[in-house]
Structures are given as C-alpha cells and as structure tokens.
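The values are calculated or read from the model by the stated rules, or taken from the named source; none is laboratory data. Just so we're clear, the structure is a prediction, and the values are computed from it rather than from any experiment. Glycine also receives a Cβ, built like all others from the backbone with ideal geometry; neighbour counts cover every protein chain displayed. Ligands, DNA and RNA are excluded from the accessible area calculation, which covers all protein heavy atoms including side chains. Shrake-Rupley method; radii C 1.70, N 1.55, O 1.52, S 1.80 Å.
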Amino acid sequence: MLSRSAQSLYWLGRYLERAGNLSRLLQLQSESLVDRPIREIHFGWNRIYTYVRRDPPGGEIRLFGDEEYALADSFALADDLTFERSNPSSVYSCFALGRENARHTRHCISPEVWTCLNTTYLRLQEQNIASMWQYEPTAFYQGLAADIETFGGLAECTMYHDDRFSFLQLGRQVERAQGAAALLLSQIDTVVASSSQEFHEEDWTSLLRVFYALEVYTHTYSVAVLPDRVMDLLVSDPLLPESLGRSVALIGSEIAAIGNGPYSRSGRALQRLVGRLAAMINYEWPDEEERIPLLREISEGAEELHFLITEAYFDYPIQEPV
C-alpha cells in the first residue's frame with residue numbers, strides 16, 4: 001500500500017487512542033469535583049497535565065481551600081484540555097486530526113468505521129465548555145470515550161485484516177504503550193512533587209479505573225490498593241487489555257504481520273527494540289525495588305518505537321545504503 005495511506009492510518013489510530021485516554025482521565029476528574037477533597041482534585045489536574053506534558057493556563061495549579069475557586073479553576077482547565085483548538089493535546093484537536101487522517105484514507109476503512117467517526121466528530125463540533133458544563137460533564141466524557149471504543153470495535157469487526165488494518169492497530173497500540181508508560185510516570189512524579197508525599201489510596205484507585213483494572217486488581221490481590229501491586233499489574237499483566245506489556249506484545253504481532261518494510265535496516269532495528277521492551281517487562285521487571293528507573297527506560301523505548309516505525313515504513317530512503 002502507499003506509504004502516505006499507511007501513515008494516515010497509523011496516525012488515525014494514534015490520535016483516536018490519545019483522545020480516548022484523555023477522555024477517560026477527564027471523566028474521572030469530573031467525577032471527583034462532586035464530593036472529593038480539594039487535595040484529590042488538585043492531584044488529578046496535576047497528573048493530567050504532567051501526562052500530556054503541557055503547562056496549565058496560568059503556569060501552575062495552586063492548591064487552595066476554597067471549593068468555589070477549585071470549581072472555577074476546573075472549568076478553565078477542562079476547557080483547555082477538551083475544546084481548546086490551539087492545544088494540540090486537547091480532546092477536540094486529537095479527534096479533529098484523527099478524523100482528517102480518516103478522510104484521506106476513506107478507501108482504506110470500512111463505511112461503518114467512517115460513519116462512527118464522523119458522527120462523533122459532528123456532535124463534538126456542536127459542543128463547547130459552557131454547554132457541556134451546564135449539564136453533566138462526566139456523562140459527556142463517558143459518552144465520548146464509549147464512542148472511541150466503538151470505533152475500535154467496528155474496525156475489528158468490519159475492516160479486512162490486511163496491512164491497512166495492521167497499520168491502524170499499530171498506531172493504536174504504540175499510543176497505548178506510550179500513554180501507559182507516561183501515565184504511570186506522571187502518577188509517580190505527581191506524588192513526588194506533592195508537598196506531603198503521603199500515600200493516598202484513592203489516587204491509585206483512580207489510576208486503576210483509568211486502565212479498567214480495578215475489578216481485576218481486587219480479584220487478583222485484595223481491596224487494599226498498594227502502589228507496587230498497582231504498578232506490577234498495569235505494567236506486566238499479559239491479559240489486561242490496557243497494560244503496557246500487552247500493548248508491546250500486540251505491537252510485535254502487528255509488525256510481524258506487516259513485515260520489515262522497504263527500509264529493512266530500520267525494520268530489523270524495530271523488531272529488536274520490541275523484543276527488548278518485551279524482555280524488560282516480562283523478565284527484568286523487578287519484584288520490589290528499581291521499578292521506576294526501569295519504567296523510565298521502557299518509556300524511552302516506547303517513544304523510540306515511533307521514530308523507527310516512521311523510518312521503516314513512511315519516510316524511508318529511496319535506496320537502502322549498502
């Protein structure tokens with residue numbers, strides 16, 4: 001297939017996965033505004049902005065005891081992360097970019113996938129922070145996340161599973177792997193940056209909910225939520241759909257299905273890196289100590305995956321050097 005079509009499908013998968021991740025985070029954050037302590041609201045916003053690597057409006061999120069101020073501040077932060085066109089990481093920007101890539105590759109995706117994507121985009125265009133905030137922000141984010149998950153299910157059920165489908169899935173899994181590593185690190189960094197650095201079980205419980213892993217955690221361990229066990233589950237569990245280890249395994253499967261690509265040198269390097277990441281997760285992940293340095297190394301490797309994929313399949317040289 002044409003490299004530009006493959007690249008558009010890859011970015012379609014990445015942008016939609018990114019929008020879904022942020023929608024789930026904002027859904028949980030909007031729930032916390034109802035009856036949770038100011039400290040927990042403050043922690044949630046800092047975690048999200050650390051995750052997207054963006055400075056909040058005003059430069060920082062300050063912790064005040066005034067509940068009315070917290071709600072007003074949350075209104076501005078939610079607008080920046082949801083509808084702000086100049087923010088490339090906002091839900092609207094990611095969805096619009098994903099839809100634009102889909103428009104360029106309508107011949108590569110099924111009509112059902114395009115209809116789902118376009119219908120959701122048109123509904124999103126009609127919304128703004130005032131109309132969304134007036135009714136139920138949690139329902140808005142929950143519905144948007146469900147629409148994106150429906151997109152993934154329709155792609156699985158209605159698209160022919162050739163290279164076109166593999167590039168779409170490759171983009172989704174690369175974004176999922178990078179997002180999982182970034183979110184775990186943002187959780188750790190936000191805890192470290194907090195003034196007290198005390199353990200708060202609700203902060204880690206909300207992280208499990210982002211990964212759809214709370215029920216699995218309680219079934220595997222207990223109702224007591226401990227950070228080390230949370231990290232073990234979200235990094236190395238091979239059966240959890242949103243885990244870092246499962247995403248890396250699926251990346252390897254899609255790359256094997258596609259092949260080395262026109263630039264075989266980068267293709268081989270890509271396969272070696274996927275194997276290395278899988279080994280770090282499956283065999284080198286420590287039981288107790290040294291988790292954070294290894295997680296940072298895995299995160300850097302997940303980001304390097306994107307550059308090798310681009311070099312192997314999209315922006316490769318016309319002639320491979322001898």
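A few remarks follow.
- Rolling a 1.4 Å probe across the protein heavy atoms gives the range 3-314 an accessible surface of 45 Å² per residue.
- Note, ³J(HN,Hα) from phi for the range 140-149, Karplus 6.51, -1.76, 1.60, rounded to Hz, x at Gly and Pro: 4, 5, 4, x, 5, 4, 5, 5, 5, 5
- As computed over the chain, the Cα convex hull volume per residue (Å³): 142
- Cα gyration tensor shape of the range 238-312, rounded if a/c is under 1.5, else prolate or oblate by comparing a/b with b/c: prolate
- The range 84-191: GluC sites (Glu not before Pro) in DSSP coil with no more than 12 other Cβ atoms inside 10 Å: GLU126
- 0 to 90° range, to nearest 10: angle between helix 264-282 axis and the chain longest Cα axis: 40
- Packing here is the average count of other Cβ atoms within 10 Å per residue, and on that basis the peptides 278-285, 299-306, highest first, run 299-306, 278-285.
- Translational diffusion coefficient (Stokes-Einstein; Kirkwood radius from C-alpha pairs) of the range 121-247 at 20 °C, 1.002 mPa s, in µm²/s: 126
- For the pair HIS161 and GLU288, a Förster radius of 41 Å applied to the C-beta separation gives a FRET efficiency near 0.50, rounded to the nearest 0.05.
- Residue of TYR221, TYR51, TYR212 that the Gaussian network model of the chain assigns the largest fluctuation, springs spanning Cα pairs under 10 Å: TYR221
- Carbon + sulfur, % of accessible area of the chain - ligands and nucleic acids excluded, 1.4 Å: 51
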